[in-house]
1. If you scan segment 74-117, which residues turn out to be of a type in the set (S, T, N, Q), part of a strand (DSSP E or B) and at pLDDT 95 or above?
2. Which residues, taken from segment 1-52, are of a type in the set (A, V, I, L, M) and assigned to a loop (DSSP other than H, G, I, E, B)?
3. Quick one: which of PRO130, PRO61, PRO73 is without any contact (Cβ under 8 Å) to a residue 24 or more places away in the chain and in contact with a strand residue (DSSP E or B) (Cβ under 6 Å, 6 or more places away or on another chain)?
4. List every residue pair whose Cβ atoms sit under 6 Å apart, with the two residues 6 or more apart in sequence or on different chains, where the first one lies in segment 30-55 and is small (Gly, Ala, Ser) and the second, anywhere, is at pLDDT 95 or above.
5. Condition first: within 15 Å of ILE118 (Cα to Cα) and of a type in the set (Ser, Thr, Tyr). Can you find one or more residues in segment 69-92 that meet it?
6. Quick check on segment 34-52: of everything there that is more than 10 Å from the chain's Cα centre (by Cα) and not polar (S, T, N, Q), which residue is surrounded by the fewest Cβ atoms within 10 Å (Cβ to Cβ)?
7. GLN54 versus (1) modelled with pLDDT of 95 or more; (2) within 26 Å of LYS10 (Cβ to Cβ): which is the lone unmet condition?
Amino acid sequence: MKPLPDSVKKLIETKAYATFATLGSDGAPHVATTWVDYDGDLVIVNTFDGSQKQKNAARDPRVALTIMELGVPFNVATIRGRVKEITAQGAEEHIDKMAKKYMGQDKYPRRSPGEKRILIKIEPTRVIAPRAR
């Protein structure tokens, strides 16, 4: 696992969005825009149980992310990594944290009835950090 550079952590702390790439069962890439977070050197993606992201990441742990600062698309980090863990533990609280960051709301307002949230925790294996500005 590669350490997550401070410049990448600072980027993630902004309202940065990530494109999250996984591999489908046929080997085709699946790319989705998502909110992004980190915990230490792990990158975190929150999704709903049963999403294509979750299915693909559970089957093949190789993933990649491009993280872009909102309004500054060339302030970017690229991460290749492996899924370390997929868990529901802490996911409900985490989506509320992300709603506060991205939407300014205390609770995530787009929950569907019966929806279960999942955290995908990613260990970086290669990191291309943003250039200093």
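1. Listed by number, the residues that qualify are THR78, THR87.
2. Result: MET1, LEU4, ALA16, ALA28, VAL36.
3. Result of the check over PRO130, PRO61, PRO73: PRO61.
4. ALA32/PHE20; ALA32/LYS53
5. yes
6. Only one residue fits best here, namely GLY40.
7. The one condition GLN54 does not meet is (2).
The values are calculated or read from the model by the stated rules, or taken from the named source; none is laboratory data. Please read all numbers here as calculations on a predicted model, not as lab measurements. Because the Cβ atoms are built from the backbone with ideal geometry, glycine has one as well, and the counts that use them run over all protein chains shown.
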